[in-house]
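Chemist: The structure under discussion is supplied below as structure tokens; questions concerning it will follow.
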Amino acid sequence: MFLSTFVTMVLRGAGDSRTPFYFMLISACLDVGLNPLLIRGAGLLPGMGIAGSALATSISQWLTLIALVLWLYWRLNILCIKRGELGYLRIDRSVLWTLLVKGVPMGLQVIVRSSSMIMLIRLMNHYGSRVVAAYGACLQLWNYIAMPALAVGTAVSSMAAQNMGAGRWDRVRGITIAGVGYNILLTSALVIAVTLSDNLAFGLFLGYHSGSIEIAKHMQLIVSWSFVLFGVSFVLSMAVTSNFGPLVLTNFGPPPGFE
């Protein structure tokens, strides 16, 4: 997963967001297709139970990563390292320090977010299986509602970083504002769609006669709109992280007149 994420981020940073999407789609299809085969078994494949799901995910990720690297070399992608360029792999202490100073706080953000999620699930467990089921269904829908914010934020990060590298600070403000605007429109549209079809949406996860649906609808109605604010915060965070981080680390400020 780390190697796949690394290659994907490099491609996006170079302006290619389509190739990572196609290979991520292949990975998802392989994962979904292999899961029932390895869990239940088929033909000469023995049923492995829940372990089959883990193996399916591992196989799909490895195959997709290998295919992606081979594809890039077959297409002679400019980012591929040739034999005469292996010297570029020499560790640069200044770059390594920059990665650590920027990466550690970002990693801590993920840890804090994951820890808070664990605590919430722990609290939900005290209210019984119906509430836990409702919360689990909400988490699934919230993942979809958050997708526009994550996608737009990633795009803003790549585009802003590219323009900073090109010295086009005049474009950074416009990119960020456009990202915030698109996030508000897309996330709001998804929240409205989920709210209007909440019975159908939660029925897919819980069953249409489940007693957990009303609980899930109540949670969704309270929480979903906050994802609009989450999206604005995420887009701004990605813009700041991708641009101002290197300037702060190298003791330089933005060009005169930039606000």
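The values are calculated or read from the model by the stated rules, or taken from the named source; none is laboratory data. Note that the coordinates shown come from a computational prediction; the quantities given were computed from them, not determined experimentally. Heads up, the Cβs are rebuilt from the backbone with ideal geometry, glycines too, and the neighbour counts pull from every protein chain shown. Remember, those area values only see protein heavy atoms, side chains included, never the ligands or the DNA or RNA. Shrake-Rupley method; radii C 1.70, N 1.55, O 1.52, S 1.80 Å.
Chemist: Can you tell which of S226, S237 is of a type in the set (S, T, N, Q), at negative phi and in contact with a helix residue (DSSP H, G or I) (Cβ under 9 Å, 6 or more places away or on another chain)?
Modeler: Exactly one residue qualifies, and that residue is S237.
Chemist: Okay, next question. Can you name every residue in region 122-158 that is part of a helix (DSSP H, G or I) and small (G, A, S)?
Modeler: S129, A133, A134, G136, A137, A146, A149, A151, G153, A155, S157, S158
Chemist: Can you work out which of the residues in region 163-183 that are on the phi < 0 side of the Ramachandran plot and not in a helix (DSSP H, G or I) is surrounded by the most Cβ atoms within 10 Å (Cβ to Cβ)?
Modeler: The extreme case among them is R168.
Chemist: Of the residues V191, V131, which single one is open to solvent by less than 60 Å² (accessible area, probe 1.4 Å), within 22 Å of S237 (Cβ to Cβ) and aliphatic (A, V, I, L, M)?
Modeler: Matching residue, one of V191, V131: V191.
Chemist: Take the residues in region 204-236 that are small (G, A, S) and either at pLDDT 85 or above or touching a His at 6+ places or on another chain (Cβ under 6 Å) (or both), then tell me which one is nearest to L190 (Cα to Cα).
Modeler: Residue satisfying both the conditions and the ranking: S224.
Chemist: Could you grab me the full set of residues in region 199-212 that are buried (at least 19 other Cβ atoms within 10 Å of the Cβ) and closer than 26 Å to A149 by Cβ?
Modeler: A201, F202, L206
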